[in-house]
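Undergrad: Below you'll find the structure I mean.
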Amino acid sequence: MIKIHVLQTGKVNISESLAFRDEKVNPSLPKLTILSSYGRKNRKWFPVSAYLIEYDDQLILYDTGWHRDISPNGKYNRLSQIKHQTLKDYLTNQGLVPPGQAINEQLADMNIKPEDLDYVLLSHLDVDHVSGLKHVQDAKNILVSRDELEFANNNKIRYVSNMWKGVNMKTFQFKEKPHDTNDEIYENGPAGKVYDLFDDKKFQLINIPGHTPGLAALKITNTDTGKYVLLFSDGGYAEKSWNDMILPGIAENLNQAIDSLKWIRQQSLNDNCIESLANHDPDIEPHTITL
Ligand SMILES: [Zn+2]
């Protein structure tokens, strides 16, 4: 049996057009500058999710959400945010972590110590996914895709590398598993790139490039029944993203982002898909899924 706890580690305040790309207002790629309307207008609070998975004796955490440093007293704190994630990031995405919601606090509530975690898997390295990493840095294995880390190293302006500095974070490499053009279902993701954690198809990190090149969705499958849960991180921002094919505002590669969203849609509509979850979907409440 696999249990997936959908957790929320506070909220992020961003322009709606960062979550849901508006082709009419701004059809070109948004530039993340202070002057950009993408950074300032029509801001809204979105949840910041992390997922704890229990499987046999394994504990797996997918993404880490916000660090407590964002809100030291559990309240909105401008200076703390600027210190933790730089002024540029503060202007783009502001965070709030109410008391008890940082990932280490939620784990402690479940009597789980960071060193009990067998794996911390990072979907990508944007601040709202990796900010809380130091809360769980004593986990046995911390993994991010090699493509993502290379991209982050070459695009320092987008990332805050202090968030993983000094942490024993290792990389995994997606295996190339190209699909046949006749295949109706692309089992190995839109790019044909997969990292199968235990080599048994139960926990597959599937590359869904676009938002970032190394973005990894997590597909969790009960291999006895074929039923699965898809955690697609920032491949889209909500169910309506794949329902209505609305891209994320930030896409490093637009064509790849479209292919990835099409793949998320296909996987989500499949009868075997129990739940398909975006990291920041405003309609999702914390809950537990048994698979
Ligand atoms: Zn995000």
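The values are calculated or read from the model by the stated rules, or taken from the named source; none is laboratory data. Every value quoted in this text rests on a predicted model; they were computed, and no experiment measured them. Positions of Cβ are generated from backbone atoms using ideal geometry, with glycine treated the same way; all protein chains shown enter the neighbour counts.
Undergrad: Only one of (1) over 15 Å from the mean Cα position of the chain (by Cα); (2) more than 16 Å from the ligand (Cβ to nearest atom); (3) over 18 Å from GLU176 (Cα atoms) fails for GLU252. Which number is that?
TA: Condition not satisfied by GLU252: (2).
Undergrad: Still on this structure, please answer the following. Hey, among the residues in region 255-278 that are within 15 Å of LEU218 (Cα to Cα) and in contact with a Pro (Cβ under 8 Å, 6 or more places away or on another chain), which one's farthest from the ligand (Cβ to nearest atom)?
TA: TRP263
Undergrad: Could you check how many residues of region 17-51 are modelled with pLDDT of 70 or more, of a type outside the set (Ser, Thr, Tyr) and either buried (at least 16 other Cβ atoms within 10 Å of the Cβ) or farther than 30 Å from TYR228 by Cα (or both)?
TA: Adding up the residues that qualify gives 11.
Undergrad: What number of residues within region 250-280 satisfy the criterion of being assigned to a helix (DSSP H, G or I) and either among the β-branched types (Val, Ile, Thr) or at pLDDT 90 or above (or both)?
TA: Count: 15.
Undergrad: Here is a follow-up. If you go through region 195-208, how many residues are under 18 Å from PHE151 (Cα atoms) and among the polar types (S, T, N, Q)?
TA: 1
Undergrad: Mind checking whether some residue in region 189-208 is of a type in the set (D, E, K, R), outside any helix (DSSP H, G or I) and within 15 Å of the ligand (Cβ to nearest atom)?
TA: Among the residues of region 189-208, not one is of a type in the set (D, E, K, R), outside any helix (DSSP H, G or I) and within 15 Å of the ligand (Cβ to nearest atom), which makes the answer no.
Undergrad: Still on this structure, I have one more. Confirm whether ALA278 is under 14 Å from the mean Cα position of the chain (by Cα) and touching a residue at least 40 places away in the same chain (Cβ under 8 Å).
TA: In short, yes.
Undergrad: For region 129-182, what are the residues that are within 16 Å of the ligand (Cβ to nearest atom), modelled with pLDDT of 95 or more and not in a strand (DSSP E or B)?
TA: HIS129, VAL130, SER131, GLY132, LEU133, GLU148, PHE151, ALA152, MET163, TRP164 - these are the residues of region 129-182 that are within 16 Å of the ligand (Cβ to nearest atom), modelled with pLDDT of 95 or more and not in a strand (DSSP E or B).
Undergrad: Quick check: anything in region 62-77 hydrophobic (A, V, I, L, M, F, W, C), at pLDDT 90 or above and more than 17 Å from ILE14 (Cα to Cα)?
TA: Scanning region 62-77 turns up no residue that is hydrophobic (A, V, I, L, M, F, W, C), at pLDDT 90 or above and more than 17 Å from ILE14 (Cα to Cα).
Undergrad: Sticking with this one: It is to be established whether one or more residues within region 95-105 are among the polar types (S, T, N, Q), in a loop (DSSP other than H, G, I, E, B) and either within 27 Å of THR171 (Cβ to Cβ) or more than 16 Å from the chain's Cα centre (by Cα) (or both).
TA: Checking region 95-105: at least one residue is among the polar types (S, T, N, Q), in a loop (DSSP other than H, G, I, E, B) and either within 27 Å of THR171 (Cβ to Cβ) or more than 16 Å from the chain's Cα centre (by Cα) (or both).
Undergrad: Is it the case that region 108-124 has a residue that's loosely packed, with under 14 Cβ neighbours inside 10 Å, under 22 Å from GLY236 (Cα atoms) and among the aliphatic types (A, V, I, L, M)?
TA: The answer is no; no qualifying residue exists.
Undergrad: Which of (1) in a loop (DSSP other than H, G, I, E, B); (2) free of Cβ contacts under 8 Å to residues at least 60 places away in the same chain; (3) out of contact with any Leu (no Cβ under 7 Å at 6 or more places or on another chain) is the odd one out, the single condition TYR76 does not satisfy?
TA: (3)
Undergrad: Do we find that GLY192 is touching a strand residue (DSSP E or B) at 6+ places or on another chain (Cβ under 8 Å), surrounded by fewer than 20 Cβ atoms within 10 Å (Cβ to Cβ), closer than 30 Å to ASP56 by Cβ and small (Gly, Ala, Ser) in this structure?
TA: yes
Undergrad: Just for region 230-249: of the residues that are in contact with a helix residue (DSSP H, G or I) (Cβ under 6 Å, 6 or more places away or on another chain) and within 13 Å of the ligand (Cβ to nearest atom), which one is modelled with the highest pLDDT?
TA: Taking the candidates together, the pick is PHE232.
Undergrad: Among the numbered criteria (1) farther than 23 Å from PHE46 by Cα; (2) touching a residue at least 60 places away in the same chain (Cβ under 8 Å); (3) in a strand (DSSP E or B), which one does TYR186 miss?
TA: (3)
Undergrad: Of all residues in region 209-230, which are of a type in the set (S, T, N, Q) and either in a strand (DSSP E or B) or farther than 17 Å from PHE151 by Cβ (or both)?
TA: Of everything in region 209-230, those that are of a type in the set (S, T, N, Q) and either in a strand (DSSP E or B) or farther than 17 Å from PHE151 by Cβ (or both) turn out to be THR221, ASN222, THR223, THR225.
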